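Below: one structure, written as structure tokens.
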């Protein structure tokens, strides 16, 4: 049975979280803490398979605890859980940069926490955290790293062919995805020969902050995709959280279109919708890239797309994934043309689509 530490200053919320976790026979809450200081002492003495961590707490908050864990080299697989996460998207991204694996948004109403969707999401994320083989303190991609990556981009771009044909890059990612995207997108050149569309599993309110953060590190323009956006090469469009992204032909161009169906594969946005919509587009080739994440989102969409279009599929390898779920399903379905480490994905994208 996996041991879980719950850290939250609300006695009622601790009780709710503990009841949900203990209701799954695979997990048991073995310790509780009311703030970061208490949690730090427990983590110094004990080992847990996962930690569920609140953000706003007295004495030491969640971000401060993550910094201390990194500073003291205390290994912990952390899942953020806070009512602050929706409004505090930047704080959540900071937490992911500091080593948190993923996050779950606690509903504002305590009764909503007892509903099946929140329960399922919390258990799924804890399961992913306990099974992840990724080193806890993988370094976030910084501006300094981006400058180093620029040299690699220039070198690869010189060897990549000039763009021929009408191509698009379609990326799917989930758990561990924000950090993975930080290792891929800043390594792409401004003159990349195709637009990039990304479905990253995140709730509404988070994808705009992710796009803003990536945009500060990139030569390309990165934005949260808006309804009606015309796709242009050298630009990156991240699907808006809480809606399904589709790409539609419009005249001689391709535009972003959102739909509001129920979650699919348990997520919204769902990459399957994106890949399926590309089957009706006029692109000569679709470069599908599937990064870290739990579940199988992307597999059905790419399977369908392959019957309609010329595609090339890159899957992130197991060793560099936070969670080897989505890429694993792509590989097991026989869809992957390449299986490569995270650090090499950008150069493979450049070599496949060329530069302008």
For residue 314, indicate whether it is within 26 Å of residue 134 (Cα to Cα) and assigned to a strand (DSSP E or B).
yes
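Determine which member of the set 156, 163, 222 is at pLDDT below 90 and touching a helix residue (DSSP H, G or I) at 6+ places or on another chain (Cβ under 6 Å).
156
Run down 219, 232 and say which single residue is outside any strand (DSSP E or B), without any contact (Cβ under 8 Å) to a residue 60 or more places away in the chain and not assigned by TED's automatic domain parsing to the domain that holds residue 90.
None of the others qualify; the one that does is 232.
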Going through (1) in a helix (DSSP H, G or I); (2) touching a helix residue (DSSP H, G or I) at 6+ places or on another chain (Cβ under 7 Å); (3) within 19 Å of residue 177 (Cα to Cα) one by one, residue 300 fails only at (3)
Residue in the range 259-272 that is surrounded by the most Cβ atoms within 10 Å (Cβ to Cβ), counting only those that are touching a helix residue (DSSP H, G or I) at 6+ places or on another chain (Cβ under 7 Å) and within 10 Å of residue 199 (Cβ to Cβ):
271
Take the residues of the range 303-312 that are in contact with a helix residue (DSSP H, G or I) (Cβ under 8 Å, 6 or more places away or on another chain) and closer than 11 Å to residue 272 by Cβ: which is surrounded by the most Cβ atoms within 10 Å (Cβ to Cβ)?
305
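Please specify each residue of the range 1-28 satisfying the condition of being within 17 Å of residue 57 (Cβ to Cβ) and touching a helix residue (DSSP H, G or I) at 6+ places or on another chain (Cβ under 8 Å).
Going through the range 1-28, the residues within 17 Å of residue 57 (Cβ to Cβ) turn out to be 5-18.
Of everything in the range 1-28, those that are within 17 Å of residue 57 (Cβ to Cβ) and touching a helix residue (DSSP H, G or I) at 6+ places or on another chain (Cβ under 8 Å) turn out to be 5, 6, 7, 8, 12, 13, 16, 17.
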Can you report the number of residues in the range 8-47 which are surrounded by fewer than 17 Cβ atoms within 10 Å (Cβ to Cβ) and either under 13 Å from residue 123 (Cβ atoms) or within 28 Å of the chain's Cα centre (by Cα) (or both)?
8
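Do you know which of the residues in the range 285-294 that are assigned to a loop (DSSP other than H, G, I, E, B) and modelled with pLDDT of 95 or more is surrounded by the most Cβ atoms within 10 Å (Cβ to Cβ)? First the steps, then the outcome.
Just the residues of the range 285-294 that are assigned to a loop (DSSP other than H, G, I, E, B), to begin with: 291-292, 294.
If we keep only those that are modelled with pLDDT of 95 or more as well, we get 291-292.
Working: 291: 29, 292: 27.
So, considering only residues that are assigned to a loop (DSSP other than H, G, I, E, B) and modelled with pLDDT of 95 or more, the one surrounded by the most Cβ atoms within 10 Å (Cβ to Cβ) is 291.
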Take the residues of the range 238-251 that are surrounded by fewer than 17 Cβ atoms within 10 Å (Cβ to Cβ) and touching a residue at least 24 places away in the same chain (Cβ under 8 Å): which is farthest from residue 167 (Cα to Cα)?
242
Of all residues being out of contact with any strand residue (DSSP E or B) (no Cβ under 9 Å at 6 or more places or on another chain) and part of a helix (DSSP H, G or I) in the range 51-79, which is farthest from residue 12 (Cα to Cα)? Just the residue, please.
71
With respect to the numbered conditions (1) touching a helix residue (DSSP H, G or I) at 6+ places or on another chain (Cβ under 7 Å); (2) not in a loop (DSSP other than H, G, I, E, B), which one is the sole condition not fulfilled by residue 211?
(1)
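The values are calculated or read from the model by the stated rules, or taken from the named source; none is laboratory data. Treat the numbers as computed from the prediction; the structure is a model and nothing was measured. Because the Cβ atoms are built from the backbone with ideal geometry, glycine has one as well, and the counts that use them run over all protein chains shown.
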